[in-house]
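Bear in mind that the values in this text are calculations on the coordinates, not laboratory data. Since this is a predicted model, take the numbers as computed values, not measurements. Don't worry about glycine lacking a Cβ; one is built from the backbone with ideal geometry, like all the others, and counts go over all protein chains shown.
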Amino acid sequence: MIMTGQYRAVLPRLQRCLLATVAVTLCWLGSQSAVADSPDDKAPTLGSAPYGATDPFTANAGDDKPHDTGKQDEGNWLFIKGSTDKSAIFPLIRAFQEQHPSIQVRYEEVLSPQLYMDFRSEYLHRATTTDIIISSAMDLQAKLINDGYARPYDSANTDDLPDWAKWRHEGFGFAFEPLVMVYNKAAFKDQTLPRTHEELATQLREQPALYQQKVGTYDIRLSGVGYMLFTQDAVHSSINGRLLESLGRADVQTFCCTSLILDAVASGKLILGYNVLGSYSLSRALQDPRLGVIIPSDYTLAMSPIALISKKASSPKLAQQFIDFLLSVEGQDDIANHSGLISLLGDGPRSANGIRLNYESSYHPISLGLGLLVYLDQMKRNRFLHEWESVIQPGSMIQALTNSDELP
C-alpha cells in the first residue's frame with residue numbers, strides 16, 4: 001500500500017495512541033493481579049524501538065542525538081525509561097555523558113500509564129530492573145514510591161528541592177511545568193482571548209460557533225498526566241464542574257499527547273488547547289508564529305516530572321549520579337537552555353522563578369505525596385472516569401489526526 005506524505009507523518013503517532021488505548025483498556029491499575037500472574041507477558045513498547053535498544057549511546061555535542069563510542073563495559077550502562085520526550089531528555093543525557101564519558105545510557109520513551117505497568121511487571125519478575133523511571137504522572141510515581149519500589153537517595157542536591165517536588169528521599173522533581181492554554185493566533189485575531197478559567201467557561205457557552213469541536217485537551221483514559229491534571233483541577237478549582245460541562249458542550253477533542261494538541265492548534269484544526277504542559281507549549285510558540293500561550297491569571301496548576309531510582313536498579317550508583325546531575329547547577333542550566341523544559345531551580349527566564357516573575361498568576365504546585373493517591377483508588381477512579389466521559393463525550397482522536405490536510 002502506498003501512503004501519502006500526510007499519512008506517513010501521522011501514522012506513527014496514531015499507532016502510538018492506539019497501542020496506548022489497548023494497553024490502558026486491558027491493564028490499568030485494577031488489573032495489577034493479572035500482571036503478577038504473567039511474568040513473561042511484558043507489555044509491548046509503544047512507538048518505534050527505543051534508541052539504543054541494542055546499542056548504548058554516548059554524547060556527541062555536534063549531533064542531535066547520542067552516539068555509541070564502542071565502549072562495551074556492561075558495568076557502566078545506565079538504563080532509563082520515561083514519558084519525557086526524547087527531544088527533551090537527549091540533551092540532558094548528552095550533557096551528563098560529557099561529565100561522565102565512560103557511562104553509556106539507554107533511554108526508552110513510553111506513555112506514562114504503560115510505563116507504570118511495565119515497571120511493576122519488570123520489578124516483580126526480574127532480579128534487576130531499569131535503573132531510573134521518569135514520569136510526569138506524579139500520582140503514579142507516588143504510588144510506586146508508596147508501594148516500596150523506589151530506592152532512597154539523599155544528597156545536597158536533592159535537599160535543595162522545594163518540599164512539593166520531593167518525597168521520602170525517593171521521588172525527585174527536576175523541572176517546572178505550568179499548565180497553560182495554547183491558541184491559534186489567526187483564529188483569535190479579532191476575538192477576545194480567555195485569560196482565566198472562568199472566562200474560558202463563559203466563552204465556550206456563549207460562542208459555540210467559534211469553539212465547537214475546536215478545543216483540544218488530554219484524553220484522561222490514555223494520558224496518565226492528563227488524568228492527574230483533571231483530578232487536581234477538581235481539587236483546586238471551584239468552577240471545575242462548570243468548565244467541564246462547557247468543554248463537553250463544545251465537543252472537546254481529546255488526545256494522548258501534548259505534541260498532537262500543539263500540532264492541531266498550529267494547523268488550525270483546533271483553535272485552543274486546554275491544560276497543556278507549559279514547557280512544550282512555550283518552546284513550540286517560540287519556533288512557530290502561529291501559536292500563542294496563555295498562563296491563566298486566576299490560578300495556574302504546576303507540576304514536575306518525577307525521577308525515581310528502582311530499588312532493584314542494575315546500576316544504582318550511576319542512577320544516583322544522574323539524579324545529582326539533573327539537580328546540579330549545571331544540570332538545571334542544561335534543562336533551562338538546551339532541553340526545552342523549564343528548570344525547577346535557578347533564576348533565569350526559563351526557570352520556575354523566571355516564569356513566576358514574567359507571568360503573573362496564582363501558582364498552585366501539585367505536591368508529590370500521599371494526597372495524589374486519592375484518585376488512584378479504583379472506586380474513585382472509576383467514578384471520576386464515568387463522570388468525565390458522561391460530560392466530555394470525547395470526539396474521535398483518529399478522525400482529528402487523519403482528516404486534516406494540514407497536520408505535519
Would you mind checking which residues have amide H under 5 Å from residue 83's amide H? H placed 1.01 Å from N; only 5 or more apart, or other chain.
110, 134, 135, 136
Over the Cα atoms of region 296-369, what Rg and Dmax result, in angstrom?
14.6, 45
Quick calc, residue 321 & residue 196: beta-carbon distance into FRET formula, R0 30 Å, rounding 0.05, result 0.10
With Rg and the Kirkwood Rh both taken from Cα atoms, where does Rg over Rh land for region 201-274?
0.96
Let me spell out the model: positive unit charges on the Cβ of Lys and Arg, negative unit charges on the Cβ of Asp and Glu, origin at the Cα centre of region 187-308. What dipole size does that give, in debye rounded to 20?
200 debye
Given unit charges at Cβ for Lys, Arg (+) and Asp, Glu (-), the dipole magnitude of region 180-220 about its Cα centre in debye, nearest 20, is 160 debye
Virtual spin-label span in nm between residue 168 and residue 386, 7 Å along Cα→Cβ:
3.0 nm
Candidates per trypsin sites (Lys or Arg not before Pro) in region 148-225, loop by DSSP, up to 10 other Cβ within 10 Å:
189
Along its three principal axes, how long is region 247-325 when you only count alpha carbons? Whole Å, largest extent first please.
49, 29, 27
Here is the link list: 311/380; 166/317; 166/311; 81/214; 86/380; 143/311. Which ones come out longer than 24 Å on Cα distance?
311/380; 81/214; 86/380
Gain on full stretching of the segment that runs from residue 127 to residue 356 - 0.36 nm per residue minus C-alpha separation
78.0 nm
Report the extension gain between residue 290 and residue 370 in nm, rounded to one decimal, defined as 0.36 nm multiplied by the number of residues separating them, less their alpha carbon distance.
24.8 nm
Here Rg/Rh (Cα, Kirkwood) for region 158-243 equals 1.07
Could you give each residue of region 278-291 its phi-based ³J(HN,Hα) in whole Hz, using Karplus coefficients 6.51, -1.76, 1.60 with θ = phi - 60°, and x for Gly or Pro?
x, 5, 5, 5, 5, 5, 5, 5, 5, 9, 10, x, 6, 10
Please give the FRET efficiency for residue 154 paired with residue 205, using the beta carbon to beta carbon distance and R0 = 51 Å, rounded to the nearest 0.05.
0.50
